[in-house]
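Read the structure below first, then the notes.
The values are calculated or read from the model by the stated rules, or taken from the named source; none is laboratory data. Keep in mind that what you see is a predicted model, and the values were worked out from it rather than measured. No Cβ is skipped: glycine too gets one built from the backbone with ideal geometry, and neighbour counts run over all protein chains shown. Surface accessibility is based on the protein's heavy atoms, side chains included, excluding ligands, DNA and RNA. Shrake-Rupley method; radii C 1.70, N 1.55, O 1.52, S 1.80 Å.
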Amino acid sequence: MKKLAKILTMALVGAFVVSVFTACGGSKSEDKLVMATNATFPPYEYVDGDAYKGIDVEVAQAIADKLGMELDIRDVEFGSIIAGVQSGKFDMGMAGMTVTDERKQSVDFSDTYAIGIQSVIVREDSEIQSVDDISSANKIGVQQDTTGDIYSTDDYGEDSVTRFKAGTDAVQALVSGKVDCVIIDNEPAKSYVAANGGLKILDTSYAEEEYAICVKKGNDELLGKINDALKELKEDGTIDTIVAKYIK
Ligand code: ARG
């Protein structure tokens, strides 16, 4: 009897030690959801003081909550998100990222959670009055590696396109006359125009697209969880509520 008690105690202590060990060590990578983004893209992701804010940030937080994981945001260059997701450095990329066939060769995308429109910002007195007025004679500013960059390079040629690290930098170049227009997603375009005088957005849009979250190719487990969470968040109105906070 004594011996049995001793064995039981040892087993209990052992189990305790193992669980403490997993809680401290093992959970680190398992319970964290590492999200790569590029926080220069209001209202989807931006820095406010020392906090990340925006639609993607809040939707990601809601997903992490559903999965019982801690959200860990990494603010990186837009063009390095996909490579980092591919290599496993980040669990997912969420950055107002457009689903394209080319990107699908490198990463897997979740169900879409928003629509994006590539729009054109010009100076108020610009000769460019519609998308059809843009030609390879114009200097076009874009955020590098975005669809605005990819599409306008395809349509107007390498020499017409000037690439900037952030959309805000492209917009500054437009204000100071270094470029003639900026091609960028419509909601950030609205934010940039509101923050700068003398600019407007053309009524005609350049392209329509869909935003989704990307994960490492073949990571079906995480993708399934993200899609389930997104579905619930769409159905219970959480996503609409978040969007309504940022887009009036
Ligand atoms: N929707 C565009 C794309 O996927 C632009 C996204 C830029 N996002 C950002 N967080 N800076 O290429």
Quiz prompt | Failed criterion for ASP50 (all others in (1) in contact with a Phe, Trp or Tyr (Cβ under 7 Å, 6 or more places away or on another chain); (2) free of Cβ contacts under 8 Å to residues at least 12 places away in the same chain hold) | solution = (1)
Quiz item: So which of VAL142, VAL122 ends up being more than 16 Å from the ligand (Cβ to nearest atom), over 16 Å from the mean Cα position of the chain (by Cα), in a strand (DSSP E or B) and not basic (Lys, Arg)?
Solution: VAL122
Exercise. Might you let me know whether segment 90-105 holds any residue that is more than 12 Å from the ligand (Cβ to nearest atom) and either among the hydroxyl-bearing types (Ser, Thr, Tyr) or under 22 Å from ALA194 (Cβ atoms) (or both)?
Key: no
Practice problem: Considering every residue within segment 225-246, establish whether at least one is closer than 20 Å to ILE81 by Cβ and open to solvent by 70 Å² or more (accessible area, probe 1.4 Å). | Solution: yes
Practice problem: Would you check if there is a residue in segment 195-215 being assigned to a helix (DSSP H, G or I), within 28 Å of GLU102 (Cα to Cα) and either open to solvent by 20 Å² or more (accessible area, probe 1.4 Å) or in contact with a Cys (Cβ under 9 Å, 6 or more places away or on another chain) (or both)? | Solution: no
Quiz prompt | Filtered residue count, segment 140-166, keeping only those that are surrounded by fewer than 23 Cβ atoms within 10 Å (Cβ to Cβ) and touching a residue at least 40 places away in the same chain (Cβ under 8 Å) | solution = 6
Practice problem: Could you tell me whether segment 152-164 includes any residue that is within 12 Å of the ligand (Cβ to nearest atom), in contact with a Phe, Trp or Tyr (Cβ under 6 Å, 6 or more places away or on another chain) and outside any strand (DSSP E or B)? | Solution: no
Quiz item: Cβ-Cβ below 8 Å, separation at least six or inter-chain, first residue in segment 59-73 and closer than 17 Å to THR241 by Cβ, second in a helix (DSSP H, G or I) and modelled with pLDDT under 95: which pairs?
Solution: none
Self-check item: Counted residues, segment 81-97 - those being in a helix (DSSP H, G or I) and either within 12 Å of ASP145 (Cβ to Cβ) or open to solvent by 10 Å² or more (accessible area, probe 1.4 Å) (or both)
Solution: 5
